[in-house]
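> This is the structure, below, for whatever I ask next.
The values are calculated or read from the model by the stated rules, or taken from the named source; none is laboratory data. Given the structure is predicted, the values throughout are model-derived calculations rather than measurements. Please note: Cβ atoms are built from the backbone with ideal geometry, for glycine as well, and neighbour counts cover all protein chains shown. Ligands, DNA and RNA are stripped out before the accessible areas are found, and what is left, the full protein with its side chains, is counted by its heavy atoms. Shrake-Rupley method; radii C 1.70, N 1.55, O 1.52, S 1.80 Å.
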Amino acid sequence: TVTLTVIDVNGNESSAAATVTVEDNVAPVVETQPITVQLDANGEATITPEDIDNGSSDNCEVDRMSLDITEFSCADVDNPVTVTLTVIDVNGNASSETALVTVEDNVAPTVVTQNITVHLDTNGGATITPEDIDNGSLDNCEIDTMSLNITEFSCVDVDNPVTVTLTVIDVNGNESSATALVTVEDNVAP
């Protein structure tokens, strides 16, 4: 409520009251920034509005901020995701801007191996595959390839356990290795 007082040239005055309604129709200024997030051991990443906000402001006061997308997975690696940051002020005015979220997977696979025993065939040879040595290797996203440094054995390996290395590479190029022992037996009679 304001009071208007009017005084004429002869000093006579009169006053009346009026109600002034103040409105805020100015939307917030939204400032965003692109970010890069790393997937965790479960192949997940989560962000908050504060991660994307880069100094958003309002002529009065910001009430709250929200994002349309906050969770990311292996499917988002190599595919930048456009997220929208919405800022709402204390008087209900809202503005939105977008930003790019780049998702990276830098978690190497977990390689689990097992020792095995192989038997030479009638030609004095034995062959193994990565699956023979693998004992449940896993990755936060997905395993792409598994390989061994040694896959073939012969008579010279009998009584000399051979250390083999299993290398696992995930779909995002991360790799890990672990070793196992291969015991070679010759049970073929002459």
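> Is it true that PRO109 is more than 30 Å from GLY173 (Cβ to Cβ), in contact with a Ser or Thr (Cβ under 7 Å, 6 or more places away or on another chain) and not hydroxyl-bearing (Ser, Thr, Tyr)?
No, not satisfied.
> I need every pair where a residue in segment 150-172 that is part of a strand (DSSP E or B) has its Cβ under 6 Å from the Cβ of a residue that is surrounded by 20 or more Cβ atoms within 10 Å (Cβ to Cβ) and among the charged types (D, E, K, R), sequence separation at least 6 or different chains.
ASP170/ASP139
> Separate question: So which pairs qualify, if the first residue must be in segment 52-76 and more than 13 Å from THR98 (Cα to Cα), the second must be surrounded by fewer than 15 Cβ atoms within 10 Å (Cβ to Cβ) and among the aromatic types (Phe, Trp, Tyr), the Cβ gap must be under 9 Å, and the two must be at least 6 apart or on different chains?
Here the result reads none, with nothing in segment 52-76 linked to a residue that is surrounded by fewer than 15 Cβ atoms within 10 Å (Cβ to Cβ) and among the aromatic types (Phe, Trp, Tyr).
> Name the single residue that is least open to solvent (accessible area, probe 1.4 Å) among those in segment 171-188 being over 27 Å from ILE143 (Cβ atoms) and out of contact with any His (no Cβ under 7 Å at 6 or more places or on another chain).
So the residue we want is VAL184.
> Which condition breaks for ASP159 when tested against (1) surrounded by fewer than 16 Cβ atoms within 10 Å (Cβ to Cβ); (2) modelled with pLDDT of 95 or more?
Evaluating ASP159 over (1) surrounded by fewer than 16 Cβ atoms within 10 Å (Cβ to Cβ); (2) modelled with pLDDT of 95 or more leaves (2) as the failure.
> Let me ask you something else. From the list THR122, THR127, exactly one residue is touching a residue at least 60 places away in the same chain (Cβ under 8 Å), more than 15 Å from THR110 (Cα to Cα) and not basic (Lys, Arg). Which is it?
THR122
> Can I ask one more? Name the pairs whose Cβ atoms lie under 6 Å apart, with the first residue in segment 1-22 and in a strand (DSSP E or B), the second surrounded by 10 or more Cβ atoms within 10 Å (Cβ to Cβ), and 6 or more positions between them or separate chains?
GLU13/ILE7
Yes/no per residue for (1) open to solvent by 80 Å² or more (accessible area, probe 1.4 Å); (2) part of a loop (DSSP other than H, G, I, E, B):
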| position | (1), (2) |
| --- | --- |
| ASP63 | yes, no |
| ALA75 | no, no |
| THR86 | no, no |
| GLY92 | no, yes |
| SER95 | no, no |
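> What are the residues in segment 108-135 that are in a loop (DSSP other than H, G, I, E, B) and farther than 30 Å from ASP40 by Cβ, if any?
Within segment 108-135, ASN115, LEU120, ASP121, THR122, ASN123, GLY124, ILE128, THR129 qualify.
> Could you check ASN79 against (1) over 30 Å from GLU142 (Cβ atoms); (2) open to solvent by less than 90 Å² (accessible area, probe 1.4 Å); (3) at pLDDT below 95 and say which number it fails?
(1)
> Does ASP40 meet the test of being surrounded by 14 or more Cβ atoms within 10 Å (Cβ to Cβ), acidic (Asp, Glu) and assigned to a loop (DSSP other than H, G, I, E, B)?
In short, no.
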